[in-house]
Every structure is written in structure tokens, then in C-alpha cells.
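Novice: Before I ask anything, let me first share the structure, which is written out below as C-alpha cells.
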Amino acid sequence: MKQKVLSGLYVVKSKFILFIAIVTCSFVILSHLLYAFDDIGGKLQGILDKASKNNLKPILEDSQLSAFQKSMFSPKANYSFSSSQLELGKILYFDPRLSKDGLHSCNSCHNIAMQGTSIVDKSINNPYHLNAPTIFNVLFNDVAYYKGQIQRHDRADKNVTNFLAKNVVTRATLYALTAKNEMNGDMQKIIAGITKSDEYMKYFVRAYGQKVKVTDELIAQSIAGFIMSLNVVTRYDDFLRGNLKALSLSEAEGLEVFIDRGCVSCHNGVNLGGTMQPFEVIQKYKFSDIGKFGVDSNKMLKVSTLRNITRTAPYFHNGAVTSLSEAIKEMGRMQLGINLSNKEISKIMDFFESLQGEVNSVTIPSLPIANF
């Protein structure tokens with residue numbers, strides 16, 4: 001009997017020791033996990049702080065975006081981003097009759113189904129071999145065109161009449177409508193054709209009222225308003241607003257490499273680009289002979305936005321690089337004078353995945369009956 005009691009006590013004691021061991025191990029594991037989570041959270045917060053210090057900003061949304069959009073137009077422009085104005089702008093954007101040959105619309109080069117860009121035109125119509133930049137988020141660029149012919153801070157511009165100088169999109173649209181290497185349109189013919197079309201005029205009346213007078217500037221601002229509505233919000237923006245879970249650890253580490261290695265010196269601001277910066281800083285671009293476009297008088301070139309970069313190949317102003325990893329490597333060599341390691345390139349590419357987003361669905365319009 002005594003032996004059975006002792007045996008029972010031994011079993012109880014053994015189970016108690018096992019229980020204590022399990023609890024202790026669980027506590028140790030949980031402590032390590034909590035420490036790891038705290039450590040990762042601290043690291044992510046540090047990367048976020050570093051991003052903020054380096055002028056990386058989230059895209060505007062909701063009321064802030066609306067206020068910014070409307071600030072691009074003077075009161076006399078009578079433009080409010082109403083649904084009827086956006087619909088008119090979309091129709092004009094997709095209308096090839098605005099071009100001289102009647103075959104090219106704005107969407108031909110800035111194809112919404114292709115992230116607002118297109119494949120490089122290698123015909124004689126594009127002698128510099130220029131790669132059409134994405135039209136998405138263009139509202140946040142400070143300049144238009146690779147050599148910055150139109151800039152947000154211009155005090156005087158021959159294309160500025162009823163447009164605010166800071167409205168780069170509208171001024172660039174007005175220029176593109178008649179530029180020989182773009183739409184090359186005959187505005188008098190286009191205006192006459194629209195004015196004579198009852199169906200087309202209904203859209204203008206809905207957008208601007210019964211007393212509307214169709215002009216080249218009104219056409220330009222209508223198209224520009226539609227373009228300025230094509231904005232993409234990404235997980236990267238959520239991260240910059242403080243949501244540390246928006247990026248994976250690898251993506252955040254890629255952002256840190258991007259900052260620490262100096263990429264952020266040119267690719268910054270809301271659009272991670274869209275400003276004029278020195279080009280071929282350390283070494284010559286290895287494909288500079290393709291198109292022989294060169295740089296502006298100050299040896300500068302417009303910095304392309306990195307938003308949706310994983311889906312807007314090819315890269316560089318002449319589209320000579322089709323691989324994103326090669327483009328990153330070339331930028332490191334040419335602009336920074338460094339040889340980025342394969343691990344660093346991979347990390348940066350992980351970060352670039354967080355820059356991918358979609359615009360709201362755009363339905364292709366049926367064009368009004370008109371002759372022009």
C-alpha cells in the first residue's frame with residue numbers, strides 16, 4: 001500500500017514537473033516571439049521615420065485630393081471635376097479625330113489598359129525613340145516632357161492664358177493637341193466639327209452650361225481634368241501614413257536600401273519622381289545612342305515616377321531597358337557610381353512591388369457622331 005502511494009506521488013510529481021517545464025518553455029518562446037515582434041515593429045517604424053525625413057510622401061486622398069485637384073484651376077475656368085466634366089474629358093481622351101490623321105487618340109500613347117503608357121514607337125514619327133511615360137498620377141509631377149519644357153513653377157509660358165502656371169497637366173495637354181510629334185491636330189477644324197455636332201455639344205452643355213463656347217483651351221482642360229482623376233493609391237501610401245503592416249519586412253527593407261543607397265535623392269516626393277534632375281551623373285547611360293535624345297541645357301532630365309514601375313516596362317526615356325533589375329543596376333552604376341549587389345537589387349524590387357496599384361475602372365466611351 002505504501003509503495004502504491006509513493007508510486008502515485010511520483011507520478012503526480014512527474015506531471016507537475018512536466019507542467020512546470022511546459023509553462024516555462026512556453027513563456028520563454030512567447031517572450032522571444034514578443035521580443036521579435038517588438039524588434040520588427042521598431043525596425044519598421046525606423047524605416048518609416050527615415051522615409052519621412054527623406055521627403056517621401058503618400059498620395060493625397062479624399063477631401064485633400066479633391067482640394068488639390070480643384071486648386072489647379074482658376075475660378076474662371078468653371079471646372080469642378082463634376083461627373084459630366086469627367087465624362088466629356090474621357091470622350092475627348094479616347095477620340096482619334098482630335099489627331100491630324102484621325103487615327104491617334106491620347107489613349108494611343110497613354111493606354112489606360114497598359115498602366116497609362118504604351119510600347120515604344122520605333123517609326124519615323126518618333127525619331128528620338130521616346131518612351132511614353134505613364135499618365136497615371138501625372139497630377140503630382142512638377143514638370144511635363146523629358147526636357148521639362150513645361151514646369152509647375154514657370155512664371156511665364158506662351159501656353160498659359162486662362163490656365164494657372166502651376167497646372168502642368170492642362171498646359172501639356174494643350175501643347176500635345178497640336179504638337180507635330182503628338183496629336184498634330186487642326187484645332188479650327190476640330191472646334192468647327194464639334195460645334196456642328198448636336199450630339200457632341202450635348203456633352204459640352206452638360207459639362208459647362210448652355211452658354212458654353214468650345215475653344216482649344218476648353219478641350220484641353222476637359223481632357224486634363226480626366227487625366228488628373230487617374231490616380232493610384234498603393235500599400236506604400238498606407239505605410240507612409242503609419243500602417244506598419246502595409247509592407248512586408250522584405251519590402252520595407254527594400255525601401256531602406258533604396259534610401260540608404262541614394263536612389264531617393266532623385267526619386268522622392270509624392271510621385272517618387274516627376275522633377276528635373278541631373279542625368280548621367282557619374283557615367284554615361286550605356287544606351288544613350290539609341291534615339292540620341294540627350295539632356296536639357298543644364299544636363300538634366302525629367303525623373304520618371306516609380307509608381308506602378310513593375311508594370312510599365314520598358315524603362316528609361318528611350319525604352320532601351322526591358323528588365324527592371326537591369327534598370328536598377330544601370331541607375332546605380334550611372335547615377336550613383338556604385339555596383340548594387342544582387343541582394344540589394346532584389347530588395348529594391350521587393351519594395352517596388354508595394355508601388356503597384358489600380359485606377360478605378362474606366363469604361364471606353366461611345367464617341368458622339370461628328371465630322372472633323
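The values are calculated or read from the model by the stated rules, or taken from the named source; none is laboratory data. A quick note: this is a predicted structure, and the numbers were derived from the prediction, not measured. As a convention, Cβ positions derive from the backbone with ideal geometry for all residues, glycine included, and neighbour counts pool all protein chains shown. The area values use the complete protein model at the heavy-atom level, side chains included, leaving out ligands, DNA and RNA. Shrake-Rupley method; radii C 1.70, N 1.55, O 1.52, S 1.80 Å.
Novice: Contact list please: Cβ distance under 8 Å, first residue in the range 69-87 and acidic (Asp, Glu), second residue open to solvent by 40 Å² or more (accessible area, probe 1.4 Å), pairs at least six apart or on different chains.
Specialist: These pairs meet every condition: Glu87/Tyr203; Glu87/Arg206.
Novice: Taking the range 53-67 on its own, how many of its residues are surrounded by 12 or more Cβ atoms within 10 Å (Cβ to Cβ) and not in a loop (DSSP other than H, G, I, E, B)?
Specialist: Matching residues across the range 53-67 total 3.
Novice: Follow-up. Please determine whether any residue of the range 34-46 is outside any helix (DSSP H, G or I) and loosely packed, with under 15 Cβ neighbours inside 10 Å.
Specialist: no
Novice: Cβ-Cβ distance below 7 Å, separation of 6 or more or different chains: which pairs start in the range 228-250 with a residue that is within 15 Å of Glu61 (Cα to Cα) and basic (Lys, Arg) and end on one that is open to solvent by less than 40 Å² (accessible area, probe 1.4 Å) and not in a loop (DSSP other than H, G, I, E, B)?
Specialist: Arg235/Ala246
Novice: On to the next question. For the range 82-119, what are the residues that are assigned to a loop (DSSP other than H, G, I, E, B), closer than 27 Å to Gln210 by Cβ and open to solvent by 30 Å² or more (accessible area, probe 1.4 Å)?
Specialist: Passing the criteria: only Ser82.
Novice: For the condition at pLDDT below 95, more than 19 Å from the chain's Cα centre (by Cα), closer than 22 Å to Lys302 by Cβ and open to solvent by 60 Å² or more (accessible area, probe 1.4 Å), what is the one hit in Lys158, Lys76?
Specialist: From the options Lys158, Lys76, the qualifying one is Lys158.
Novice: Please go through the range 289-306 and pick out each residue that is part of a loop (DSSP other than H, G, I, E, B) and in contact (Cβ under 8 Å) with a residue 24 or more places away in the chain.
Specialist: The answer is Ile290, Gly291, Lys292, Phe293, Val295, Asp296, Val303, Ser304, Thr305, Leu306.
Novice: How many residues are under 25 Å from Met201 (Cα atoms) and either open to solvent by 40 Å² or more (accessible area, probe 1.4 Å) or in a loop (DSSP other than H, G, I, E, B) (or both) when one looks only at the range 211-245?
Specialist: The number of residues fulfilling the criteria is 9.
Novice: Sticking with this one: For Gly319, are the conditions met, namely being open to solvent by less than 20 Å² (accessible area, probe 1.4 Å) and of a type in the set (Gly, Ala, Ser)?
Specialist: Yes; evaluated as a whole, the condition is true for this residue.
Novice: Which residues, counting only those in the range 309-354, are in contact with an Asp or Glu (Cβ under 7 Å, 6 or more places away or on another chain) and not in a loop (DSSP other than H, G, I, E, B)?
Specialist: Thr310, Val321, Met334, Lys347, Asp350, Phe351, Glu353
Novice: Kindly establish whether Ile309 is among the hydrophobic types (A, V, I, L, M, F, W, C), in contact (Cβ under 8 Å) with a residue 24 or more places away in the chain and either out of contact with any strand residue (DSSP E or B) (no Cβ under 6 Å at 6 or more places or on another chain) or within 15 Å of Phe352 (Cα to Cα) (or both).
Specialist: Criteria met by Ile309.
Novice: Here is a further query. Which of (1) at pLDDT below 95; (2) part of a helix (DSSP H, G or I) does Ile124 not meet, given it meets every other one?
Specialist: Checking Ile124 against (1) at pLDDT below 95; (2) part of a helix (DSSP H, G or I), the one that fails is (2).
Novice: Answer with yes or no whether Ile348 is open to solvent by less than 20 Å² (accessible area, probe 1.4 Å) and either of a type in the set (S, T, N, Q) or touching a residue at least 60 places away in the same chain (Cβ under 8 Å) (or both).
Specialist: For Ile348, the condition - open to solvent by less than 20 Å² (accessible area, probe 1.4 Å) and either of a type in the set (S, T, N, Q) or touching a residue at least 60 places away in the same chain (Cβ under 8 Å) (or both) - is met.
Novice: On to the next question. From (1) surrounded by 16 or more Cβ atoms within 10 Å (Cβ to Cβ); (2) out of contact with any strand residue (DSSP E or B) (no Cβ under 6 Å at 6 or more places or on another chain), pick out the condition that doesn't hold for Ala172.
Specialist: It fails just one condition, (2).
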